[in-house]
Amino acid sequence: MSSVIESIQTLLVDLPTIRPHKLSMTTMACQTMVIVRMRHSDGIEGLGEGTTIGGLAYGPESPESIKTNIDTYLAPLLIGQPSGNLNALRARLNRSARGNAIAKSALETALLDAQGKRLGLSVAELLGGACQEHLPVLWTLASGDTAKDIDEALLRLEQRRHCDFKLKIGANPVKQDVRHVAAIKEALGDRAGVRVDVNQAWDESTAVYGIQALQDAGIELIEQAIPAREHAGLIRLANRFNVPMLADEAVQDARDGLDLIAGGFSGAFALKIAKSGGLQGVLELAHLAQAAGVGLYGGTLLEGTIGTAASLHAWATLPEMAWGTEMFGPLLLKDDIVAEPLAYDDFGVALPSGPGLGIALDEDKLAHYARS
Ligand code: MUC
Ligand code: MG
């Protein structure tokens, strides 16, 4: 008899960050992950992760709501169902539960991990196969201090860890932010690419001022300068400046992608499994963008190793990612809950080899960091 889903356990896991991580909407000293352990009747366990940033600061799902909504509403829809038909299970979840993209992403990851283990295939192979086995990874400078950020960037360059840097801005007045970014770009020169993420903090007229100054300073990409809902404004900014716009919060899934493309957006989309409800949803968005000539960027919600590995399996199936990835989440954390960390080297990270995600838990560490 074919396998069915037997049980779904969710754990809130708190891991401290290596330094405060300052974004326009919150400063993080710790990351909370919702870890999913999905057990099947054939004895296989699938792992998943649902993670956001700063409680409710980043989006409408918090770690606690992800856990509660999985336990109360989503897990009962899956338990007892056949394990292997991912399309049917995804449709079942979407029919009965609106939104909750991060919770759905965690569950889909666990389903894919289990199916890969069952068939002896990696998740990338389940999705059609990997075009890349080593993916570029940038680093986010967000200590809140210009001199510290420069030192951190120089160290990462010297270690051959990262050669592109994203600066989190928007918490300070725009002129102060521009001075901060320009000083970092000046210190790094042509050795590194420098981008900014405003995380929706500016209105459109502030954005026009800020983007012009950042373009003049040699910044190569401007991420989500204005609020997510302002698609028309983002399209105006993309058409006004030479420096490309990266849509992040504005593009959650293929529906948003279609709106932006139909409105004449050019630039790039930040892909995140968490925004799109999982790997299949994010690849729908990626394929749409590819057809429209919009560039791709492999984004993170600062997931730990399980969520980062899941994202890497999705990005690996794409023949081209014009802007690389920011899959550095595990490097921002002081410790990990997996047996083998991801292998970061040569300005990037290796796709873990399968079956499934290619990731195993460290049970002692998990027990240590899990909330009781
Ligand atoms: C975001 O908005 O891009 C990615 C890197 C980082 O530091 O924060 C995230 C979220
Ligand atoms: Mg962003």
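Just the number please: accessible area per residue for the range 114-269, 1.4 Å probe, all protein chains included, in Å².
Accessible area per residue: 42 Å².
Between beta-carbons, use under 11 Å as the cut-off and find the net charge around residue 42, counting Lys and Arg +1, Asp and Glu -1.
+1
Tilt of helix 86-96 relative to the longest C-alpha principal axis of the chain, in degrees (0 to 90, nearest 10)?
Taking Cα atoms only, the helix is inclined about 80 degrees.
Can you compute log10 of I(q)/I(0) for the range 83-169 with the Debye formula, treating each Cα as one identical point scatterer, at q = 0.21, 0.24 Å⁻¹?
-0.92, -1.07
Find which of 99, 330, 360 sits farthest along the positive direction of the dipole of the chain, computed with +1 on the beta-carbon of Lys and Arg, -1 on that of Asp and Glu, about the Cα centre.
Value: 99.
Straight distance only, please: which aspartates and glutamates reach the Cα of residue 175 with their own Cα at less than 20 Å, same-chain residues fewer than 8 apart left out?
Counting by Cα, and skipping residues close in sequence, residue 175 has these aspartates and glutamates nearby: 145, 149, 186, 197, 203, 204, 216, 220, 223.
Among 335, 345, what's the order by accessible area (1.4 angstrom probe), most exposed first?
345, 335
Using mean Cβ contacts within 10 Å as the protection proxy, how do 91-97, 253-259 order, highest first?
Details: 91-97: 13.4, 253-259: 17.3.
Ranking the peptides 91-97, 253-259 by packing returns 253-259, 91-97.
Compute the distance from the alpha-carbon center of the range 84-126 to that of the range 350-367, in whole Å.
Centre-to-centre distance over Cα atoms comes out at 17 Å.
Do you know the relative contact order of the range 243-372, to the nearest whole percent, from alpha carbon pairs under 8 angstrom that are 6+ apart? Mind dumping the intermediate values first?
On the way: 185 pairs, mean separation 24.6, N = 130.
Relative contact order comes out at 19 percent.
Treating the beta-carbon of each Lys and Arg as +1 and of each Asp and Glu as -1, no other charges, what is the dipole magnitude of the range 124-225 about its Cα centre, to the nearest 20 debye?
200 debye
At 0.36 nm per residue, minus the direct Cα-Cα distance, what do residue 175 and residue 95 gain on full extension? Give it in nm, one decimal, please.
Values: separation 80, 0.36 × 80 = 28.80 nm, distance 4.72 nm.
Gain on extension, residue 175 to residue 95, equals 24.1 nm.
Which of 214, 138, 119 moves the most in a Gaussian network model of the chain with Cα springs under 10 Å?
119
Could you quote the convex hull projected area for the chain, Cα atoms only and averaged over all directions, in nm²? Don't jump to the answer; show the numbers that get you there.
Working: hull surface 67.0 nm².
Over every viewing direction, the Cα hull of the chain projects on average to 16.7 nm².
Which entries in 22/272; 117/334; 22/104; 185/334; 67/275; 166/334 show an alpha-carbon gap greater than 24 Å?
Correct reply: 117/334; 22/104; 185/334.
For the chain, give the share of DSSP beta bridges that are antiparallel, in percent and rounded to the nearest 5; count only bridges with both residues there.
60 percent
Of 144, 297, 285, whose Cα points farthest to the positive end of the dipole of the chain (charges on the beta-carbon: +1 Lys, Arg; -1 Asp, Glu; origin at the Cα centre)?
285
Express in whole angstrom the spacing between the alpha-carbon centres of the range 220-237 and the range 306-346.
26 Å
Tilt of helix 279-292 relative to the longest C-alpha principal axis of the chain, in degrees (0 to 90, nearest 10)?
The answer is roughly 40 degrees.
Defining a contact as two alpha carbons under 8 Å apart and six or more residues distant in sequence, what relative contact order in percent does the range 126-350 show?
That works out to 23 percent.
The values are calculated or read from the model by the stated rules, or taken from the named source; none is laboratory data. If you're wondering where the values come from, they're calculated on a predicted model, not measured in any experiment. Every residue, glycine among them, receives a Cβ derived from its backbone with ideal geometry; neighbour counts consider all protein chains shown. Side chains included, ligands, DNA and RNA excluded: accessible areas come from the protein's heavy atoms. Shrake-Rupley method; radii C 1.70, N 1.55, O 1.52, S 1.80 Å.
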